[in-house]
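Reviewing the structure listed below.
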Amino acid sequence: MPQPDTGNTSEATLLFNVEILSMDDDRTVAKAMVYQHGIIHFVGGEAGARHWLNEAGLSAREVDGRGNCVLPGFIDTHLHPILLSIFEVNADLSDASSIDDVTSLIAGKATALEAGDWLLGLQLDEQRFSGTGLPDRHMLDQVCPDNPLVIFCRDGHSLIANSAALHVADLAEAPKDINGGTIEVDEKGRPTGICREAATGLVMMHFKPPGEAQLKTATLHAIRKLPAHGITSIGAILQTDSEGPSGASGQRESALMAELAPDLPLSIYNIFIGTTPADTFPSGPDKASDAFADLKYRAFKIFSDGTLGSCTACMHHGFFDHPEQTGYLTLGPDELYRRMVEAHGLGLQICIHAIGDKAVTTCLDLYEKLLEEYPCKDHRHRIEHASVVTSGDIERMAKLGIALSCQPLFIRSEAGWLPQRLGPDRVPMTYPFRSFFDAGIPVAGSSDAPIESTSVLAAIECCVTRDGFSTGQKLSVDQAIAMYTRNAAFIQFEEAEKGTLEAGKRADFVMLDKNPHRVLPEDIGKICIVRTVRGGETTYES
Ligand SMILES: [Zn+2]
């Protein structure tokens, strides 16, 4: 008689009556799997599995997979775990499409504030306000007059502050000069509350974060939701000092993550943001304990430009709807290169945020120089996003061995306005996943959450359908799954332990009620996650 799956890993488990898409090199499809102590011992047919158990002299608890489809556990290679917690305590504005929507959603949260508390509004879709313009400080003051209030646009690169927040930042009367950022002003020269790129830090450096206890609880709560999307591993973007999207309030992120990690149902590949790699990694990368560790330290993140939504992505040519603007580098090439050389010298994996085509070109120029001066075979240095690229740069990425972390759900969020922003010439080379695959570049998927939803199946669907955007860049279902499994493991140096279901690897898997290859592309996102198992233990069950 099959026993119910209790998640007990002390004895061997035989999972049978399943369709296992192993995602190995041969794309083996199997019917049964044996695992024990979190490690897979056998993948193949049911009779073979029973024979293997016999030979090994092992008894196993038996789990009937009821014909469900099993894939390797999903790996989200780029998300901001501590920022996820903010949604637990602040106003979610993702559905707001008018200034009235914004003020009523803010009013709902403002009543609970105590003196001195800050309130955040999150995920405002700037494009929905192209007709009316964004709300300004005075509109926000009407619903939140006394407490500092900051509303973030959905790309996280622009914010709107109310007067109380501007006062705290000493920006209420006049703007300040800021390199790599903009403070918008009204006709009298007073700040409107809208700050972009580096200017957001002038406000957020004063942000009073929730207390440590509240932050921990909210973060745990937010991260524990990830296995519901089949996620067993994450690449965690974390601040280590005041540089990064949360400014000074984010400097405890990496320490907090290390404290929380033992209680999390995921393994974590840390990607640290910092000004100086040597200070960020005082004892260098943690390669020794790499194999099968649940918390790894070996990647260093650098920002090179902004976003398409804010017109701050660094472009070779002006935006189609704002021809006078070409965005900008948020860090000059000299400083970028200084950090790259230092990180490379320490043996770290470099991850550079580059969205605009010129930012990508700049990064590749610098990677080329770096690898010429300091050759290294298996560096797997990354570009995060690589949203708009030129075809020549795709060849260069392949030649230099650059890996990519891309965000398919950006397409869904941006498809409505992106063609107008970029113009017809650049659309075919925007989120050009197919071209990346064709060039042999290791491309992995991610959510960049809280920017996008952490639904991996929705992202896989989007890779296959493209939501009608630049459809020449559609991926096959297999390629889209690879982005969240084998390719994701590779770009985190984890292909020996994760990313495929094979003997010797971690028992990290997700069980789906349908095979994504056998539903209509537009129905992939509707497939139900039946169970998520990480290291042999059930972390989610529907
Ligand atoms: Zn990010």
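The values are calculated or read from the model by the stated rules, or taken from the named source; none is laboratory data. This is a predicted model, so every value here is computed, not measured. Cβ placement follows ideal geometry from the backbone for every residue including glycine, while neighbour counts extend to all protein chains displayed. SASA here: full protein model, heavy atoms, side chains in, ligands and nucleic acids out. Shrake-Rupley method; radii C 1.70, N 1.55, O 1.52, S 1.80 Å.
Details
- Antiparallel content of DSSP bridges confined to the chain, in %, to 5: 45 percent
- Net charge over other residues, Cβ less than 11 angstrom from the Cβ of Thr275 (K, R count +1; D, E count -1): -3
- The range 257-399: antiparallel DSSP beta bridges as a percent of all, rounded to 5: 5 percent
- All-pairs alpha carbon distance profile, the chain, 20 Å steps from 0, percent: 22, 54, 22, 2, 0
- Modelled FRET efficiency - R0 41 Å, Lys526 with Ala47, Cβ distances, 0.05 increments: 0.75
- Relative contact order [Cα under 8 Å, 6+ residues apart], the range 85-204, whole percent: 20 percent
- Accessible surface ranking that places the most exposed of Asp334, Asp294, Asp393, Asp186 first, with a 1.4 angstrom probe: Asp334, Asp294, Asp186, Asp393
- Crossing angle, helix 357-373 versus the chain [Cα axis fit, 0-90 degrees, rounded to tens]: 60 degrees
- Per residue, the Cα convex hull of the range 85-204 amounts to 101 Å³.
- Between helix 99-110 and the chain: long-axis angle, C-alpha atoms, 0 to 90°, nearest 10: 70 degrees
- Net dipole in debye of the chain [+1 Lys, Arg Cβ; -1 Asp, Glu Cβ; about Cα centre; nearest 20]: 840 debye
- Helix-only CD estimate at 222 nm, as mean residue ellipticity for the chain, using -39500 (n - 2.57) per DSSP H run (n ≥ 4): -8000 deg cm²/dmol
- The length gained by stretching the chain between Glu395 and Ala112 to full extension, at 0.36 nm per residue less their Cα-Cα distance, is 96.5 nm.
- Glu126 sits among other residues whose Cβ lies under 10 Å from its own Cβ, and their net charge, with Lys and Arg +1 and Asp and Glu -1, is 0.
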